[in-house]
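Worksheet: one structure, shown below.
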Amino acid sequence: MMKRAKRSERVVAIAQQISAQPGRIFTLRELGEAYDCAKSTLSEDVALVRGVLATCGYGRVETISGAAGGVRFYPFRSDAQDWAFVETVCRELSHPDRILPGGFIYNTDVFSRPETTWRMGEIFAKRFHAAAPDVVVTVEAMGVPIALMTARALGKPLVTARRGSHAAEGSRVTINYMSASSKRLQTMSLARRMLQEGQRALIVDDFMKGGGTLSGLMDMMAEFSVTVAGVGVILATAQPEHKSVASYDPLMILDEVDEANRRVSVRPASWL
């Protein structure tokens with residue numbers, strides 16, 4: 001229990017506590033015991049936190065009524081803020097020095113920055129929140145950072161399919177899938193204990209060209225009788241136009257990589 005504090009101190013502490021664990025419901029009783037104050041006082045404090053965060057565009061505080069109710073926070077910023085952020089990343093990725101052989105661009109440094117993947121995860125969480133996923137699913141390795149940040153923003157667990165085996169995970173389901181970009185047969189596996197029948201999964205990955213890997217993840221979900229609530233990818237190529245995955249939401253579109261003229265074109269997705 002925190003010693004009785006001034007209202008300004010208590011408000012800051014509440015804002016920090018609920019924002020550190022997005023998606024978790026904090027009951028007024030729990031907060032009242034933590035800060036040694038009445039529920040009526042807490043309700044006023046929460047209203048102040050909600051107003052300030054909404055005004056500054058830092059996120060949304062929800063109040064849940066009922067005996068098991070309380071408050072929870074989601075880091076959903078305004079559409080304008082999301083667009084400005086993604087547009088900035090697009091400009092960075094459009095630098096000609098990032099061109100790699102085969103029509104690819106170097107993006108590992110950008111997709112590995114915590115402050116960047118944090119915001120991308122928030123945007124994906126906002127996009128798919130209404131789909132009510134129970135888990136966020138990805139495949140190792142580069143998809144893990146963005147999927148983890150998305151899971152954190154939603155307050156849901158992360159499930160990672162592996163391209164190899166891991167003895168500590170116990171029995172596994174293994175499937176083969178065709179990589180649409182390399183045209184090679186590949187393998188992914190997932191521990192049986194990671195998912196439960198009837199759950200809803202949000203699939204998230206870093207890059208998609210033909211969609212073979214994401215299609216493989218969707219097949220894996222079918223093996224577990226898990227419903228795919230949505231598919232999000234950081235960067236998708238404009239070509240080929242027809243992917244192995246029919247429905248997906250990219251943050252950015254890679255329109256062109258012109259190796260001869262040293263030109264790259266990356267733009268925000270139209271849904272942003």
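Every number in this text was worked out from the coordinates using simple rules, so none of it is lab data. Values in this document were obtained by computation on a predicted structure and should not be read as measured data. A quick note on method: Cβ atoms are made from the backbone with ideal geometry, for glycine too, and the neighbour counts reach across all protein chains shown.
Go through [x] -0.22, -1.37; [y] -0.31, -1.18; [z] -0.22, -1.18 and flag the label whose value is the computed log10 I(q)/I(0) by the Debye sum over Cα atoms at q = 0.07, 0.16 Å⁻¹ for this structure. Calculated log10 I(q)/I(0) by the Debye sum over Cα atoms at q = 0.07, 0.16 Å⁻¹: the matching label is [y].
Across segment 74-181, Cα pairs under 8 Å and at least six residues apart give a relative contact order of 23 percent. Peptide packing for 119-128, 53-62 was compared via the average number of neighbouring C-beta atoms within 10 Å per residue; ordered from the highest value, the list is 119-128, 53-62. Using C-alpha pairs below 8 Å separated by at least 6 residues, the relative contact order for segment 27-142 is 16 percent. Only Lys, Arg, Asp and Glu carry charge here, each on its Cβ (+1 for the first two, -1 for the last two); on that basis segment 1-108 has a dipole of about 420 debye about its Cα centre. Our summary gives the chain a relative contact order of 15 percent, counting only alpha carbon pairs under 8 angstrom and 6 or more residues apart. Projecting the Cα atoms of Val204, Thr88, Phe224 onto the charge dipole of segment 72-230 (Cβ charges, centred on the Cα centre) puts Phe224 farthest toward the positive pole. Report, in whole Å, the centroid distance computed from the Cα atoms of segment 7-70 and segment 85-149. Measuring centre to centre over Cα atoms gives 30 Å. Here the chain carries DSSP beta bridges of which approximately 50% are antiparallel, counting only pairs with both residues inside.
Does segment 7-74 come out rounded, prolate or oblate, given a ≥ b ≥ c as the square roots of the eigenvalues of its C-alpha gyration tensor, rounded meaning a/c under 1.5 and, failing that, prolate meaning a/b above b/c? Cα axes put segment 7-74 in the oblate bin.
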